[in-house]
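Enquirer: This is the structure I want to talk about, given as structure tokens.
All of the numbers you see were taken from the coordinates with simple rules; none came from a lab. It should be emphasised that the depicted structure is a prediction, and the values quoted were computed from it without experimental measurement. Here the Cβ positions follow ideal geometry from the backbone for every residue, glycine too, while neighbour counts run over all protein chains shown.
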């Protein structure tokens, strides 16, 4: 039987990943075990509804894996599915000190929309970070569905790159939002969760929500504060990025845990039940049980001691990479990084726009993404900055020595960009770029990609 072209392209992608480095801070590599679960026969099963939560969290894993409880499903044949999903719930709760976890969201965007739907009515106000200052599309960008349903109010950042907490408090008092949301896709500081929680307590019925998609792995590894420990009601996240699981979403919450079949009173204490109802049947249909199994495996990996070492190394690598780039003349937003992520204003630094620089780096096997910086006039397709980080490289075993080499390559490519002047002329420097690509490839092959 002739092999489908798709598999040839998958092989090409394996080669690309193996011979280069992923610097995109929202990307990572899964283990063989996570990959095996994601590609398992669990994809065959429909499982609309939920398992029984009795004894979850805090139950012994052996008991969860053995016992069969009545469930809240719409299809039969769930005895194995229920136990796998309950393992995922239990591990997530232990990992993040949560009362409940909904492991069914297909993505971080789905997770955020479910929380909005659980707590807000159409037209309600949500206070979230300005996209242009590092926020995320799902936090109120006018191109999204949720922005047409809810009234998003945006707070910004200071010239030093931190959240403008004075502005946040002023807007919260003025607009009395139903949700105060701390979350971002390009922010290099550690939020003051305690201060935000204090602000939230001044607003009657205000839900405190943290979208920690980028730093969930750092939280799990003890290298970043957990918003749930400071009075936040809900934390959403993706399960890939620093958490190193499959591409999917997760909602963690504090409060009462009970059957989602009964419609509860709309209180902050009942937010776990309200969220379950908002995920299914509110915003999603059948869960992806093969991906939920992969999440359970990833959460199990994150509970192991070696995950803490990995999280620590992510931050150490990011700090060194940022310091080396500053020495090379790169101007970094916020002056550097306190987490895994770096945002450089390459337009201000070298007169080169982010998209041009992204393309040139792609040609040598270093992958990052062009990104707007605060106050950017360049637009989405010609932004002034680039965003990059260290999770994927750290997973492959690179350390501070290799970060210094990455910085050298990044500066050499930038010098080439400055020399040719425009993106159209980049092929004039193909010989120089090919030489760098061979150096990148040689080092990359010394650090194999997991599961390849």
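Enquirer: Can you work out D for the chain in µm² s⁻¹ from Stokes-Einstein, where Rh is the Kirkwood radius over C-alpha pairs, the temperature is 10 °C and the viscosity is 1.306 mPa s?
Expert: This corresponds to a translational diffusion coefficient of 69 µm²/s.
Enquirer: Evaluate E = 1/(1 + (r/R0)^6) for residue 143 and residue 331, where r is the Cβ-Cβ distance and R0 equals 25 Å; express this FRET efficiency to the nearest 0.05.
Expert: My answer for the efficiency is 0.30.
Enquirer: Here's a follow-up. Where a ≥ b ≥ c are the square roots of the eigenvalues of the C-alpha gyration tensor, would you call segment 140-194 rounded, which needs a/c under 1.5, or, failing that, prolate if a/b is larger than b/c, or oblate?
Expert: On the way: a/c = 2.09, a/b = 1.35, b/c = 1.55.
Cα axes put segment 140-194 in the oblate bin.
Enquirer: Compute the Cα gyration tensor for segment 240-334, then decide on rounded, prolate or oblate, letting a ≥ b ≥ c be the square roots of its eigenvalues: rounded whenever a/c is under 1.5, prolate when a/b is larger than b/c in the other cases, and oblate in all that remain.
Expert: Prolate, since a/c reaches 1.5 and a/b exceeds b/c.
Enquirer: For the peptides 384-397, 327-340, 219-232, 162-175, what is the packing order when you average, over each peptide's residues, the other Cβ atoms within 10 Å and list the highest mean first? Could the numbers behind the result be given before it?
Expert: Details: 384-397: 25.6, 327-340: 19.1, 219-232: 20.6, 162-175: 16.2.
Answer by packing, highest mean first, reads 384-397, 219-232, 327-340, 162-175.
Enquirer: Report for the chain the percent antiparallel among DSSP-assigned beta bridges with both residues inside it, nearest 5.
Expert: Bridges in the chain that DSSP calls antiparallel: roughly 55 percent.
Enquirer: Based on the mean of other Cβ atoms within 10 Å per residue, sort peptides 271-280, 152-161 so the most packed one is first. If you can, show how the numbers build up before the last one.
Expert: On the way: 271-280: 24.8, 152-161: 17.7.
The most tightly packed comes first, giving 271-280, 152-161.
Enquirer: Starting from 0.36 nm per residue, how many nanometres of slack lie between residue 438 and residue 107 once their C-alpha separation is accounted for?
Expert: Extending this stretch completely gives an extra 115.6 nm.
Enquirer: So, one more: Give the residues of segment 428-452 whose amide nitrogen is closer than 15 Å to a point set 7 Å from the Cα of residue 359 in the direction of its Cβ.
Expert: 428-430, by backbone N distance to the label point.
Enquirer: Next question. Please compute the length gained on full extension between residue 151 and residue 48, using 0.36 nm multiplied by the number of residues separating them and subtracting their Cα-Cα distance.
Expert: Between residue 151 and residue 48, full extension yields 34.0 nm more.
Enquirer: How would you rank 301-311, 118-128, highest first, on the average number of other Cβ atoms within 10 Å across their residues?
Expert: Going by the mean number of other Cβ atoms within 10 Å, highest first, we get 118-128, 301-311.
Enquirer: Please work out the C-alpha center-to-center distance from segment 395-445 to segment 166-181 and express it in whole Å.
Expert: Each part reduced to its Cα centre gives a spacing of 44 Å.
Enquirer: From Cα coordinates alone, what are the radius of gyration and Dmax values for segment 32-302 in angstrom?
Expert: 17.9, 57
Enquirer: Right, another one. Does anyone have the angle between helix 108-119 and the longest principal axis of the chain? Alpha-carbon axes, 0 to 90°, nearest 10?
Expert: For helix 108-119, the angle is close to 40 degrees.
Enquirer: Something else: From the helices alone, meaning DSSP H stretches of at least four residues, give me the mean residue ellipticity at 222 nm for the chain, per-run term -39500 (n - 2.57), in deg cm²/dmol to the nearest 500.
Expert: So the helix-based figure for the chain works out to -12500 deg cm²/dmol.
Enquirer: Grab the Cα-Cα distance for residue 67 and residue 9, subtract it from 0.36 nm times how many residues apart they are, and report the gain in nm with one decimal. The partial results should precede the final answer.
Expert: Details: separation 58, 0.36 × 58 = 20.88 nm, distance 4.26 nm.
Length difference between fully extended and current span is 16.6 nm.
Enquirer: Give me the distance between the Cα centres of segment 340-357 and segment 6-37, rounded to whole Å.
Expert: Each part's Cα centre sits 26 Å from the other's.
Enquirer: Measuring from a point 7 Å past the Cα of residue 446 along Cα-to-C-beta, which residues in segment 1-28 have an amide N at less than 20 Å?
Expert: Counting only backbone N, you get 16-23.
Enquirer: Could you check the spin-label model distance between residue 16 and residue 41? Points 7 Å from the Cα along Cα→Cβ, value in nm.
Expert: 3.3
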